[in-house]
Amino acid sequence: MINKISNFRFQYFVSKLLFLFFLSQLAILASGCLQQNQNSHLFKVAYIFDGDTVKLANGEKVRYLGIDTPEMNYKNPPAQYFAEQAKAFNKKLVYGKMVRLEFDARRRDKYKRLLAYVYVDDIFINKKMIEEGYAKILIIPPNEKYADEFLKLQRRARQQGKGIWAR
């Protein structure tokens, strides 16, 4: 009889632990972030500002590292040439999706935005924006991790007359 009671208490304790673990995982998901390691996180994209800036479900703004897209000029219209197209392409790539952020040497800019290389599954968004001609490179030290690769991609997009390089 005592053995049955002990077994019941153990099962009850384990079920409570599993329930608490489940709740903690649910809280992490609800916050919009699943930590993979020190330099990489998963977040859901909730809003697209333009071709190189988004807002995450947790409220953080993210500025894509190494690239610059034409400005939307919300305060002083009109938008720059190809800004609408860059924003639309960015939206197609990331809106409503879980993105992985990879950080470089500096994690925030003077506007307190996160600075990151952005991935959806195995698609490197910063790279894709340059490759397809929606962005130019913008390397600001110390965040220079992909500078050489981005420069090669920009040269190719320019030679092929893609996107902003078409005119």
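The values are calculated or read from the model by the stated rules, or taken from the named source; none is laboratory data. Just so it is clear, the model here is predicted, and its values are computed rather than measured. Here Cβ is always computed from backbone atoms with ideal geometry, including for glycine, and neighbour counts include all displayed protein chains.
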Open item on the list: Please count how many residues of region 72-86 are surrounded by 15 or more Cβ atoms within 10 Å (Cβ to Cβ) and free of Cβ contacts under 8 Å to residues at least 40 places away in the same chain.
Closed with: 4
Open item on the list: So, in region 87-115, how many residues would count as being in contact (Cβ under 8 Å) with a residue 40 or more places away in the chain and touching a helix residue (DSSP H, G or I) at 6+ places or on another chain (Cβ under 8 Å)?
Closed with: 4
Open item on the list: Looking at Lys55, Lys127, Lys61, Lys91 in this structure, which one is within 18 Å of Phe150 (Cα to Cα), assigned by TED's automatic domain parsing to the domain that holds Phe43 and surrounded by fewer than 20 Cβ atoms within 10 Å (Cβ to Cβ)?
Closed with: Lys127
